[in-house]
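Working notes for the structure below.
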Amino acid sequence: MIRLFNSLTREIGPLETREPGRVSMYCCGPTVYNYIHIGNARTTLWCDMIRRYLTYRGYDVTYVMNYTDVDDKIIERAQLEGVAPDDVTAKYAAAFEADMGALGARPADILARATAHIEDMVEAVEGLIARGVAYEVDGDVFFSVEGFPGYGKLSGRTLEDMRAGERVEPHPSKKHPLDFALWKSAKPGEISWPSPWGEGRPGWHIECSVMSTKYLGMGFDLHGGGSDLIFPHHENEIAQAEGLADESLFVRGWLHTGMVQMEAEKMSKSLGNVVLAKDAVATFGGDALRYWALASSYRSQSVYSLDALEDAVQSWARWKTFYESSTHALGEEMPARPAGPRRPESDDASVSGGFLRDFIASMDDDLSSSQAFAAIHSLVRAGNKLLEGAQTGDTGAVEELGDLVMQFLEMTAVLGFEFDATTSASGVDAELTNGLIGYLLELRDRAREERAFDRADDIRDRLAGLGVEVEDTASGPRWRLV
């Protein structure tokens, strides 16, 4: 049974979906006015991973993500670059997709753009005015926070708490300082759309509540995003959606990712310590950055530092080395990557393979990825001990290593990691390759026993020159192609 922490109830509980076997899921996407930073990327990677895991466990998942492609920041960027707003959003939407592709994220099932849903937003604002929870002032429309009794239930704060120390939208005609914009009247030269209140554009918050319910309906299962969106964005989404629908439930479960810490301080544009995802990928590689993003619990704060990323690079390299070494050791006995998700009726106790069982148990427990990653590392350590026997044709070692590799491929596929299955000697027969390299290593061992170290080193150097990396271990030499 999958159990998740719900930010609304502040408790971990079983995943109970609106429809048996189906999950409806929405995650807040980027405002496409600039390149995304690693904090944005980590949240999107976790949404991708949650979708992958739920699919693996047998659910039919509908995953919706949005692009905010109309916003004050987009207008400012367009003016700064001297181009049309559409050019800005096209440029940075493409950049977002390239960055997330490099990190192994799959596209959402439905990618909703705010500018394609303006009429839906106008209709929603009209409905909120009709229900008495919104009001118009000189072409602007505001949501009345005092008109919605449940305001504050997600953040757990009262209006007085929110007002103290929070930045609010300044406007002399607002009835309450925390009232927020549903529709903004257009300034001269700004992009705008017609409405009953004059030319203007929607506020940020109304976009997500309208688009999520358009595709998933009220009471959908999961809504994800960074913890910095709890207030005001997600709080306002609830107020808008439930204020429009007689307070019927908007979302069943809220999932929020922790923020990224830069060494000793929070990553922040205002502090100037933002690291762009594209730069991090260029420095460390997409696989290592994905490893870093997912290795700690989604709810925890993640530290971005040189040490943390170097650890991720080394950890990913250990996985890759194990896979490549197993490819050479097993040859034609190398198992294929699993083709589909695990059957939904398979509970933890029935899963064959202790490491895979531990992995599933960890992920079922509020997506405890640190323990899930630990299960994979334990498997790799166990597999490495079998490599020498498998390389020399030990039948028992081959069979046991093959079982471990099957579990390894299943677990890493769930996490979104891909391995190249064609790493064996440029198409040369694997059995021949294993035999020749094994024979050379036997000659090297014999030279070392005879204390002919120059000859042993020469064999190792010649192998290295051919792209064969040899590692001496307590249980004997291991090799892989590089």
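Determine, yes or no, whether residue 109 is free of Cβ contacts under 8 Å to residues at least 60 places away in the same chain and either among the basic types (Lys, Arg) or in contact with a Ser or Thr (Cβ under 6 Å, 6 or more places away or on another chain) (or both). Talk me through it step by step, then tell me what you get.
Details: free of Cβ contacts under 8 Å to residues at least 60 places away in the same chain: yes; either among the basic types (Lys, Arg) or in contact with a Ser or Thr (Cβ under 6 Å, 6 or more places away or on another chain) (or both): yes.
For residue 109, the condition - free of Cβ contacts under 8 Å to residues at least 60 places away in the same chain and either among the basic types (Lys, Arg) or in contact with a Ser or Thr (Cβ under 6 Å, 6 or more places away or on another chain) (or both) - is met.
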Legend entry - Residues of the range 173-232 satisfying the condition of being buried (at least 20 other Cβ atoms within 10 Å of the Cβ), in contact with a Leu (Cβ under 7 Å, 6 or more places away or on another chain) and in a helix (DSSP H, G or I): 206
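Do any helices (runs of 4 or more DSSP H) lying entirely in the range 68-130 carry at least 1 residues that are under 15 Å from residue 30 (Cα atoms), and which ones are they?
Correct list: 72-81, 85-102.
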Inset, instruction - Of the numbered conditions (1) in contact with a helix residue (DSSP H, G or I) (Cβ under 6 Å, 6 or more places away or on another chain); (2) farther than 15 Å from residue 105 by Cβ, residue 27 fails exactly one; give the number of that condition. - result: (2)
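A quick yes/no check of all residues on (1) modelled with pLDDT of 95 or more; (2) open to solvent by less than 10 Å² (accessible area, probe 1.4 Å); (3) not hydroxyl-bearing (Ser, Thr, Tyr):
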site	(1), (2), (3)
290	yes, yes, yes
294	yes, yes, yes
303	no, no, yes
323	no, no, no
334	no, no, yes
339	no, no, yes
Legend entry - Residues satisfying the stated conditions in the range 453-478, i.e. among the hydrophobic types (A, V, I, L, M, F, W, C), at pLDDT below 85 and open to solvent by 30 Å² or more (accessible area, probe 1.4 Å): 464, 466, 474
Legend entry - Candidate set: the range 136-145, residues that are closer than 14 Å to residue 203 by Cα and part of a strand (DSSP E or B); chosen: the one farthest from the chain's Cα centre (by Cα): 136
Legend entry - Of residues in the range 135-150 being closer than 13 Å to residue 242 by Cβ and out of contact with any Asp or Glu (no Cβ under 7 Å at 6 or more places or on another chain), the one least open to solvent (accessible area, probe 1.4 Å): 148
Inset, instruction - Being in a strand (DSSP E or B) and over 15 Å from the mean Cα position of the chain (by Cα) is the filter; apply it to the range 32-65 and report the residue that is farthest from residue 114 (Cα to Cα). - result: 60
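Condition test on residue 29, is it assigned to a loop (DSSP other than H, G, I, E, B), closer than 17 Å to residue 228 by Cα and of a type outside the set (A, V, I, L, M, F, W, C)? Break it down into steps so the answer makes sense when it comes.
On the way: assigned to a loop (DSSP other than H, G, I, E, B): yes; closer than 17 Å to residue 228 by Cα: yes; of a type outside the set (A, V, I, L, M, F, W, C): yes.
Spelling it out, residue 29 is indeed assigned to a loop (DSSP other than H, G, I, E, B), closer than 17 Å to residue 228 by Cα and of a type outside the set (A, V, I, L, M, F, W, C).
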Legend entry - Residue among 83, 64, 88, 122 that alone is open to solvent by less than 10 Å² (accessible area, probe 1.4 Å), farther than 22 Å from residue 366 by Cα and either free of Cβ contacts under 8 Å to residues at least 24 places away in the same chain or aliphatic (A, V, I, L, M) (or both): 88
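How many residues does the range 355-376 contain that are open to solvent by 30 Å² or more (accessible area, probe 1.4 Å), in a helix (DSSP H, G or I) and not basic (Lys, Arg)?
So in the range 355-376, the residues open to solvent by 30 Å² or more (accessible area, probe 1.4 Å) come out as 355, 357-358, 361, 365, 370-371, 374.
Those left that are additionally in a helix (DSSP H, G or I): 355, 357-358, 361, 370-371, 374.
Now restrict to residues that are not basic (Lys, Arg): 355, 358, 361, 370-371, 374.
Number of matching residues: 6.
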Legend entry - Close pairs from the range 403-416: first more than 18 Å from residue 44 (Cα to Cα), partner crowded, with 20+ Cβ neighbours inside 10 Å and not aliphatic (A, V, I, L, M), Cβ under 6 Å, at least 6 apart: 404/383; 405/326; 407/355; 411/359
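The values are calculated or read from the model by the stated rules, or taken from the named source; none is laboratory data. These numbers were taken from a predicted model, which means no experiment stands behind them. Note that we place each Cβ from the backbone using ideal geometry, even for glycine, and neighbour counts take in every protein chain shown. Just the protein is used for accessible areas: all its heavy atoms, side chains included, with ligands, DNA and RNA removed. Shrake-Rupley method; radii C 1.70, N 1.55, O 1.52, S 1.80 Å.
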